[in-house]
1. Looking at segment 65-92 only, could you name the residues that are at pLDDT below 85, under 14 Å from the mean Cα position of the chain (by Cα) and exposed (fewer than 14 other Cβ atoms within 10 Å of the Cβ)?
2. Can you report the number of residues in segment 60-80 which are under 23 Å from Phe30 (Cβ atoms), of a type outside the set (A, V, I, L, M) and touching a residue at least 40 places away in the same chain (Cβ under 8 Å)?
3. Can you tell me which residue is surrounded by the most Cβ atoms within 10 Å (Cβ to Cβ) among those in segment 16-36 that are among the β-branched types (Val, Ile, Thr) and modelled with pLDDT of 85 or more?
4. Consider Phe57 carefully, then state whether it is in contact with a helix residue (DSSP H, G or I) (Cβ under 9 Å, 6 or more places away or on another chain), free of Cβ contacts under 8 Å to residues at least 24 places away in the same chain and within 24 Å of Met34 (Cα to Cα).
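The values are calculated or read from the model by the stated rules, or taken from the named source; none is laboratory data. Because the structure is predicted, anything quoted here is derived from the model rather than measured. Note that each Cβ is placed from the backbone with ideal geometry, even for glycine, and that neighbours are counted across all protein chains shown.
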Amino acid sequence: MHEEVRPSWATPLVVLVALWGLALIVLTAFLIAMSLIGQPFSSSALIASVAVGFGAFVTLFPVLQWLRKLGNQQLRNTVLPGVITMVAAGAWLMYLLLQPSTGF
C-alpha cells in the first residue's frame, strides 16, 4: 500500500490549532470565573464562556481525532474548524477595536 507523505508544515499547523484550542479553554475558564467570582453575576460573561467553550470543542475535537489516527486523516478536515474559530475571534477583536470610545 502506498503511504501518503505529509508536508513538512502539516504537523506545526496542527500544533498551532491545538494551542489555539487550549487558549480557548483557558479563556473559557477565565470567563466563567469572571461571571461568578468576586463581582456581581454577569450573564453576558457566562454566555460568552459557553460560546468560547463550544469553540474550544469544535477546535480540539478534530485535532484529537487526527492524533488518534496517527495523522492518517485529511489535514483540511483537521485544521479547518480551528482556522474558522481563529477568524471569528479575530473578527470579534477587530469589531471591538473599531468601536468608538465611550470616554472612560
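1. Within segment 65-92, just Trp92 meets the criteria.
2. Total meeting the criteria: 0.
3. Looking at the filtered set, the residue picked out is Val17.
4. yes
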